[in-house]
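Student: The structure is given below, and queries will be raised subsequently.
The values are calculated or read from the model by the stated rules, or taken from the named source; none is laboratory data. All values derive from a computational prediction rather than experimental measurement. No Cβ is skipped: glycine too gets one built from the backbone with ideal geometry, and neighbour counts run over all protein chains shown.
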Amino acid sequence: MCSSKIKITNLLLSFLFSTFVLINIKVVFPSCLPYPTAENGTLIKDCQPYKAIGVNYFDAFYRVPKNPQDKSYIQGFEKLSKNGIPFVRMMASGFWPKDWELYFKNKEEYFKLLDKIVRTALPYSLKSILC
């Protein structure tokens, strides 16, 4: 009788431990998706909780539609990358009515310039948040 009680206790403890581990694995390792997600208020990247500090690089794109030869944003990307900044938040639109001129005249060119800046950030390990 004592032996069967120990077996039942061990079985019950094994079950509880397994359940606890499985529940924790589900919480710590949510479904792994190829892009960042949010789960219960936590940002998840590469199946792990993710925290990072980015910067506002307000005018990285803002000045380019005015002067497409302006490549000064590259120096900014280099500095940010050297300092371990993983992402930048940059304006993807005009601020003043005059700033929208290229967009209304030639949307294809406008988005070509925007795509170029976002692609230029990638070799510096910078992700872009457009606003």
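Student: Considering only residues that are over 19 Å from Leu114 (Cα atoms) and in a loop (DSSP other than H, G, I, E, B), which ones fall in the stretch 55-85?
Tutor: Asn83, Gly84, Ile85
Student: Could you please find all residues in the stretch 72-84 being among the hydrophobic types (A, V, I, L, M, F, W, C) and buried (at least 19 other Cβ atoms within 10 Å of the Cβ)?
Tutor: Hits for the stretch 72-84 are Phe77, Leu80.
Student: Now for a separate question. Name the residues in the stretch 86-108 that are touching a residue at least 12 places away in the same chain (Cβ under 8 Å) and part of a helix (DSSP H, G or I), would you?
Tutor: Those that are touching a residue at least 12 places away in the same chain (Cβ under 8 Å) and part of a helix (DSSP H, G or I): Asp99, Glu101, Leu102, Tyr103.
Student: Take the stretch 74-89 and flag every residue that is aromatic (Phe, Trp, Tyr) and over 13 Å from Ile129 (Cα atoms).
Tutor: The answer is Phe77, and nothing else.
Student: Name every residue in the stretch 19-49 that is touching a strand residue (DSSP E or B) at 6+ places or on another chain (Cβ under 9 Å), under 20 Å from Ala121 (Cβ atoms) and either at pLDDT 85 or above or not hydroxyl-bearing (Ser, Thr, Tyr) (or both), in order of residue number.
Tutor: Pro36, Leu43, Lys45, listed by residue number.
Student: Follow-up question, since we're still on this one. Residues being touching a residue at least 24 places away in the same chain (Cβ under 8 Å) and within 21 Å of Asn106 (Cβ to Cβ): count how many of those fall in the stretch 60-85.
Tutor: Total satisfying the criteria: 8.
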